[in-house]
Structure formats: structure tokens, C-alpha cells
Amino acid sequence: MAGLSKATISKYEAASHPPKLIHATAIAEALNVGFSYLIGFTDNRYVQETNTITELFLSLPDEGKKELLNFARYLVEKTKAQD
């Protein structure tokens, strides 16, 4: 994973020594999580997706923003109804 050997990954998992910054960044990318999530700085695993959604939202005209918000609210309610 991320161009690192299994032995190196095992050492990181066992916390026998911390990864180099460049390795930690590569691991975060390979796992599709933000670096801050990987190192335990945030509970938000979806930093990259959150940034993408924000960029898409900001690129929309006002009417598109309203539609996107309405759709997001619909998805939240739909999820709640399924639980």
C-alpha cells in the first residue's frame, strides 16, 4: 500500500515508530481519507469529499444552490425514514 512494505506498515500500526510525513500523506491518499483524519486530528473521515461538495456548491448559481440544499435535506430525511 502506498508504495510501502508490509513490514513498514506493520511498524506504523504497532506504533513502534511514527511514519515520515511523506509516507503518512501517501497512506492517507491510498485509504482515501484526509491526513488530519489519519493522524487522529479529526473524526471527519470524509475531508476530501466535504471539500469537493463545498467546491461544487460554491460553483453553482443561487438557484442551483437552493436545489442542492433541498436535495441534501431530502436525502437526510429519506435516511432517517429507513432507520
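Apply the Karplus parameterisation 6.51 cos²θ - 1.76 cosθ + 1.60, with θ equal to phi minus 60°, to every residue of segment 36-52 and state each ³J(HN,Hα) to the nearest whole Hz, in sequence, with x for glycine and proline.
Listing the rounded values in order: 5, 6, 4, 8, x, 7, 9, 8, 7, 6, 9, 4, 5, 5, 4, 5, 5 Hz.
Please report the net charge: other residues with Cβ closer than 13 Å to the Cβ of Glu55, K and R +1, D and E -1.
Local charge sum for Glu55: 0.
Excluding same-chain residues fewer than 8 positions from Lys6, which lysines have a Cα within less than 26 Å of its Cα?
Partners found: Lys20.
Taking only DSSP H segments of four or more residues, each worth -39500 (n - 2.57), what value at 222 nm results for the chain once the sum is divided by all its residues, to the nearest 500 deg cm²/dmol?
-21000 deg cm²/dmol
Among the lysines, which have Cα under 24 Å from the Cα of Lys65 when same-chain residues fewer than 8 positions away are ignored?
Lys78, Lys80
Can you give the angle from 0 to 90° between the axis of helix 62-82 and the longest principal axis of the chain, with both taken from C-alpha atoms, to the nearest 10?
Tilt of helix 62-82: around 70 degrees.
Considering segment 1-57, what Rg and Dmax in Å follow from its alpha-carbon atoms?
12.8, 42
Using the alpha-carbon atoms, what tilt in degrees (0 to 90, nearest 10) does helix 21-31 show relative to the longest principal axis of the chain?
The angle comes out at about 50 degrees.
Compute the projected area of the convex hull of the Cα atoms of segment 21-83, averaged over all viewing directions, and report it in nm² to one decimal place.
The orientation-averaged projected area of the Cα hull of segment 21-83 comes to 5.8 nm².
Any read-out appearing in this document is the output of simple, stated calculations on the displayed coordinates, not a laboratory observation. Because the structure is predicted, anything quoted here is derived from the model rather than measured. Here the Cβ is made from the backbone with ideal geometry for all residues, glycine too, and neighbour counts use every protein chain on show.
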